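Everything below concerns the one structure shown next.
The values are calculated or read from the model by the stated rules, or taken from the named source; none is laboratory data. Computed from a predicted structure; not experimentally measured. Glycine gets a Cβ as well: all are built from the backbone with ideal geometry, and neighbour counts include every protein chain shown. Heavy atoms of the whole protein, side chains included, go into the accessibility calculation; ligands, DNA and RNA do not. Shrake-Rupley method; radii C 1.70, N 1.55, O 1.52, S 1.80 Å.
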Amino acid sequence: MNRVVHFEIQAADPERAAAFYRGVFGWDIKEWIIPGVKIPNENRYWLVTTGSTEEPGINGGLLFRRGPAPMEGQSVNAFVCTIAVPFIDYYLSKALKAGATVAVPKMSIKGVGWLAYIKDTEGNIVGLMQDDLSAG
């Protein structure tokens with residue numbers, strides 16, 4: 001089977017996006033520096049580590065968006081990553097305080113858990129999922 005092994009977050013302001021994901025989810029985000037190589041601003045790249053190698057999940061990257069940002073009210077036209085969180089209300093609140101907006105309010109998925117979608121500081125849609133078998 002072919003698995004997803006990397007994701008990329010598009011951003012008008014990568015430093016702002018990095019601060020959002022560090023602050024809300026505690027991710028380690030560092031600019032990829034190649035010693036002795038001057039990288040043009042539009043080609044700069046940040047490596048995103050979402051957890052330890054012993055945990056399930058994937059890591060990714062963060063880069064400058066090279067086109068227009070998603071339009072308000074348009075349907076989703078890209079992959080959406082959903083992040084497992086232990087307490088959805090806590091992380092929703094934390095994300096909103098860090099500049100996110102609600103795209104789809106928290107809802108229950110019977111026998112699975114709680115799901116909500118937010119827009120990050122760059123307008124990207126991100127899912128939040130709390131496992132809870134009693135949800136319904």
Roughly how many Å² of residue 107 are accessible to a 1.4 Å probe, to the nearest 10? 70
Packing-based order for 130-136, 7-13, using average beta carbon neighbours within 10 Å, highest first: 7-13, 130-136
Tell me, what is the 1.4 Å probe accessible area of residue 122, in Å² to the nearest 10? 10
Given points 7 Å out from each Cα along the Cα-Cβ axis, report the residue 104 to residue 22 separation in nanometres with one decimal. 3.1
Over the chain, what percent of the accessible surface lies on carbon and sulfur atoms, probe 1.4 Å? 58
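Are there chymotrypsin sites (Phe, Trp or Tyr not before Pro) in segment 41-136 that DSSP puts in a loop and that have at most 15 other Cβ atoms within 10 Å, and which ones?
Loop-located and lightly packed - 79, 87.
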With both bridge residues required to lie in segment 1-120, what share of the DSSP beta bridges run antiparallel, to the nearest 5%? 70
Report the rotationally averaged projected area of segment 1-75 based on its alpha-carbon convex hull, in square nanometres. 7.4
Kindly express, to the nearest 10 degrees and within the range 0 to 90, the angle between helix 88-97's C-alpha long axis and the longest C-alpha principal axis of the chain. 40
Would you calculate the convex hull of the Cα atoms in the chain and tell me its volume per residue in Å³? 142
Hey, what's the chain come to in accessible area per residue, 1.4 Å probe, Å²? 65
List the residues whose amide H sits under 5 Å from the amide H of residue 83, counting only those 5 or more places along or on another chain, with H placed 1.01 Å from N in the peptide plane. 127, 128, 129
For the chain, the longest stretch holding no trypsin sites (Lys or Arg not before Pro) located in a DSSP loop with at most 12 other Cβ atoms within 10 Å is which? 67-109
Under the Karplus relation with 6.51, -1.76 and 1.60 and θ = phi - 60°, whole-Hz ³J(HN,Hα) for segment 63-69, x at Gly and Pro, equal 8, 5, 5, 9, x, x, 5
Need the list of aspartates and glutamates near residue 110 for cross-linking: C-alpha distance under 14 angstrom, and skip anything on the same chain fewer than eight residues off. 131, 132
